[in-house]
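The values are calculated or read from the model by the stated rules, or taken from the named source; none is laboratory data. Values in this document were obtained by computation on a predicted structure and should not be read as measured data. Cβ coordinates were reconstructed from backbone atoms using ideal geometry, including for glycine residues, and neighbour counts include every protein chain displayed.
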Ligand SMILES: NC(=O)C1=CN([C@@H]2O[C@H](COP(=O)(O)OP(=O)(O)OC[C@H]3O[C@@H](n4cnc5c(N)ncnc54)[C@H](O)[C@@H]3O)[C@@H](O)[C@H]2O)C=CC1
Ligand SMILES: O=C(O)C(=O)Cc1ccc(O)cc1
C-alpha cells in the first residue's frame with residue numbers, strides 16, 4: 001500500500017464525516033498518495049479534535065466553508081439522513097468543476113437530497129463501498145478496510161464520464177473493485193443483502209431481551225453461536241441504521257413482506273411436520289453459503 005508514482009486523483013480532497021468510513025478513506029489516501037491533500041470536516045467538535053490528534057488528515061477545518069474552499073473533490077461520509085444538510089453546507093464553496101461523491105448505504109435518497117445543492121459545473125458521482133464493521137467513529141477506521149471489497153457506483157444518467165472514472169480510480173486505489181449499477185436497483189439489492197439482515201438482527205436481539213423476564217439471564221449466558229452472530233450486527237450504530245431504514249423504506253418493506261411470507265411458510269411446515277419442506281429450505285441456505293465461500297476463494 002505504499003505511495004505510487006501515479007498522479008493524484010484529486011489535488012485537494014475534502015472528507016466530510018470522519019467516522020468509520022471517512023477516517024478509513026482519509027487514512028488510505030494519505031498513505032498511498034492518491035490525493036494531493038486531505039482536508040477533514042466533521043460537524044461534531046469532539047470528532048474534529050480526535051481527528052487532529054490521530055493525524056489522519058493534512059488539515060482539520062473548523063467550518064464547512066473552510067473545509068470545502070479550494071477542494072476539487074468532496075466525499076460525503078455522513079449518515080444518509082444528514083447528506084442533504086452536509087451538501088447544503090459544503091457544496092457552494094467547492095472549486096468550480098469539483099467532483100462530489102458519497103459513501104451512503106442508500107443511493108436514491110442521497111441523489112435526491114444532494115443533487116439540488118450541486119453548483120453549476122460540478123458533478124455528482126454516488127458511490128457505496130460494501131465494506132464496514134459494526135464500529136463507528138474516527139478510532140474505528142483503518143486503511144485496509146476496502147481491500148478486495150466491492151464499491152458500487154450509481155452514476156447519474158447523462159452525467160460526466162470523466163468524473164465517474166476519477167471516482168472509480170480513487171476507489172481502486174483504496175483497494176476496492178468497482179462496479180456500476182442503477183441507483184434503484186442498488187437500493188433493492190442492498191435491501192435484501194444488507195438492510196433486511198440488520199433489521200432481523202436488531203429485532204431478534206430485542207425479542208431475546210423481552211424474554212429476559214421469562215428465562216432470567218439464560219438468553220445471554222448460554223447464547224449459542226447463532227445468537228452471538230446476530231449480536232455483532234446488532235451492535236451497529238443506531239443513527240446510521242435508523243437513517244438507512246427510513247431512506248430505503250419502500251424496498252426494505254417489500255423485502256420484509258416477502259421474508260415474513262417465507263417465515264410463515266416455514267412456521268406452517270414446522271406445525272404440520274412437513275419435513276421435506278424444512279429440509280429443502282435449510283439446503284437452500286447451505287447452498288448459498290457454499291457458493292459465497294467459493295466466490296471468495298476464486
Ligand atoms: N459503517 C459501515 O459499515 C458502513 C457505512 N456506510 C455509510 O457511510 C456513511 C458513514 O458511516 P460511518 O462512517 O459508519 O458513520 P459514523 O457514525 O462512524 O460517522 C459519521 C460521522 O458523520 C458526522 N456528521 C454527521 N452529520 C454531519 C454533517 N452534517 N456534516 C459533517 N459531519 C457530519 C458525525 O459527527 C460522525 O462523526 C453512512 O452514510 C453509512 O450509511 C457505507 C458502508 C459501510
Ligand atoms: O459489518 C457488517 O456486517 C456490515 O454489513 C457492514 C456494512 C454496513 C453498511 C453498509 O452499507 C455496508 C457494509
Exercise. May I ask you to list the residues in the stretch 50-80 that are within 13 Å of ligand 1 (Cβ to nearest atom), closer than 15 Å to residue 19 by Cα, touching a strand residue (DSSP E or B) at 6+ places or on another chain (Cβ under 8 Å) and not in a loop (DSSP other than H, G, I, E, B)?
Key: 51, 60, 75, 76
Quiz item: Of these, 258, 232, 228, which one is over 24 Å from residue 83 (Cβ atoms) and either within 16 Å of ligand 1 (Cβ to nearest atom) or in the same structural domain as residue 138 (by TED's automatic domain parsing) (or both)?
Solution: 232
Quiz item: Among the residues of the stretch 219-234, which ones are more than 9 Å from ligand 2 (Cβ to nearest atom) and surrounded by 12 or more Cβ atoms within 10 Å (Cβ to Cβ)?
Solution: 219, 220, 223, 227, 229, 230, 231, 234
Quiz item: Taking helices (runs of 4 or more DSSP H) that fall entirely within the stretch 232-297, which contain at least 2 residues that are free of Cβ contacts under 8 Å to residues at least 12 places away in the same chain and within 20 Å of residue 149 (Cβ to Cβ)?
Solution: 275-297
Quiz item: For the stretch 100-216, list the helices (runs of 4 or more DSSP H) that sit wholly inside it and hold at least 2 residues that are surrounded by 14 or more Cβ atoms within 10 Å (Cβ to Cβ), in contact (Cβ under 8 Å) with a residue 40 or more places away in the chain and within 16 Å of ligand 2 (Cβ to nearest atom); which are they?
Solution: 108-114, 183-190, 196-210
